[in-house]
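Some notes on the structure that comes next.
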Amino acid sequence: MISPAHERVVPLAGPGFTDAVTFAFGDAEAGLFGLARLGLSPGADGAGRAGSALAVLFSGREPVAAVARGGLPVPDGGGWDSLALAGLSATLSEPLRRWAVALDAGEHGFDLRFEALGPPGELPADAPVALAGGMAGYEQACAVTGVVRVGGREVTVDCGGQRGHTWGEPDWTQLEATRNVAAWWGSELGLALTAVRPAGARSHADEPMWAALLRRDGALGVEEPRLSTTYDGDGHQRRAGLELWLDDHDAHPHRGSGEILCGSTLELGQLQLDCAFFRWRLDGRTGVGRYDILRRAAP
């Protein structure tokens, strides 16, 4: 059970351990989409902490700002109550309920408020996907309000989004890729999905997967989630299909599909992030969300 205590920084247990918070938003009418992630890990000398900042802002189909920095010094006392690194900041206003996130990337950036629309969907440490990928955590669908700055223009946004908190020590010698979907349909329904592809896996059938429907009255676990993806010639995600079987007694799954609105690739040292925002449909609803693929970079 996720409680307000989970908003604290998790003890950094090993050299590859990471504790991170991720925020995302998408306003399809304004054509503005963004991802922000702050991470904490043990310092290079095994003492202290190092920080990382990752952010990308899209206007229409094009990325207008991107930040990808690691090994950053962490201010004394810096944690999930308040942390600012490389122009990206996040502040906890009320545990599991409200947060503020800002990006200052010169002429581009945002200043946003996230408010949870319901309880978290928990990815427990003993779930097959957490054991395979080394990361546990929780996700919440959010209402997002604030201002996005693109060049000299300021745009007020009022849209859906997501906030997640994950921690663990993934072993990328044993992993090929992870896939993460977060989608939002109005204020009543969201989806969080994570899939892990172990090294040497021959098909998606070999990938552990976890998903939860995020509702105002509580998260509902998906017994058997399925995610199929169509890629372009460069291996970037372009279209996707969803099947969500809630339990063994379901006569029919919840079915959905998505197509790309915008995307970009960020090089993260030994890893590569294909960050994309999709228009998602599910059971007649139309919404927006992200579909990210993190993989080992080509040698």
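The values are calculated or read from the model by the stated rules, or taken from the named source; none is laboratory data. Just so you know, these numbers come straight off a predicted model, no measurement behind them. Backbone-built Cβ (ideal geometry, glycine too); neighbour counts: all protein chains shown.
Flag: Val56 does not match the condition of being in a strand (DSSP E or B), under 19 Å from the mean Cα position of the chain (by Cα), more than 19 Å from Ser264 (Cα to Cα) and modelled with pLDDT of 95 or more. Where strands (runs of 3 or more DSSP E) fall wholly inside the range 100-198, the ranges with 1 or more residues that are surrounded by fewer than 16 Cβ atoms within 10 Å (Cβ to Cβ), on the phi < 0 side of the Ramachandran plot and among the polar types (S, T, N, Q) are 135-150, 153-168. Of all residues in the range 185-209, those satisfying the criterion of being within 14 Å of Ala132 (Cβ to Cβ) and either without any contact (Cβ under 8 Å) to a residue 12 or more places away in the chain or touching a Phe, Trp or Tyr at 6+ places or on another chain (Cβ under 6 Å) (or both) are Thr194, Ala205, Asp206. Only residues that are among the aliphatic types (A, V, I, L, M) and buried (at least 22 other Cβ atoms within 10 Å of the Cβ) were counted in the range 1-38, giving 6. Considering only residues that are of a type in the set (A, V, I, L, M) and touching a Lys or Arg at 6+ places or on another chain (Cβ under 7 Å), which ones fall in the range 114-143? Passing the criteria: Ala116, Leu117. Taking first residues from the range 55-71 that are acidic (Asp, Glu) and partners that are buried (at least 19 other Cβ atoms within 10 Å of the Cβ), the Cβ contacts under 8 Å between residues at least 6 apart in sequence or on separate chains come to Glu62/Cys262. All conditions but one from (1) surrounded by fewer than 16 Cβ atoms within 10 Å (Cβ to Cβ); (2) more than 19 Å from Cys262 (Cα to Cα) apply to Glu62; the one that does not is (2). Restricting the range 65-91 to residues that are surrounded by 16 or more Cβ atoms within 10 Å (Cβ to Cβ) and not in a strand (DSSP E or B) leaves a set whose member that is modelled with the lowest pLDDT is Gly78.
Residue check: Leu96 meets all listed conditions (1) crowded, with 18+ Cβ neighbours inside 10 Å; (2) under 18 Å from the mean Cα position of the chain (by Cα); (3) among the hydrophobic types (A, V, I, L, M, F, W, C); (4) not in a loop (DSSP other than H, G, I, E, B) but one, namely (4).
Per this entry, Glu94 is not counted among residues that are modelled with pLDDT of 95 or more and in contact with a Cys (Cβ under 7 Å, 6 or more places away or on another chain). The strands (runs of 3 or more DSSP E) found entirely in the range 215-285 that carry 3 or more residues being within 30 Å of Ala65 (Cα to Cα) and touching a helix residue (DSSP H, G or I) at 6+ places or on another chain (Cβ under 9 Å) are 224-231. State whether one or more residues within the range 199-207 are surrounded by 14 or more Cβ atoms within 10 Å (Cβ to Cβ), over 25 Å from Gly60 (Cα atoms) and under 19 Å from the mean Cα position of the chain (by Cα). Yes, the range 199-207 has at least one match.
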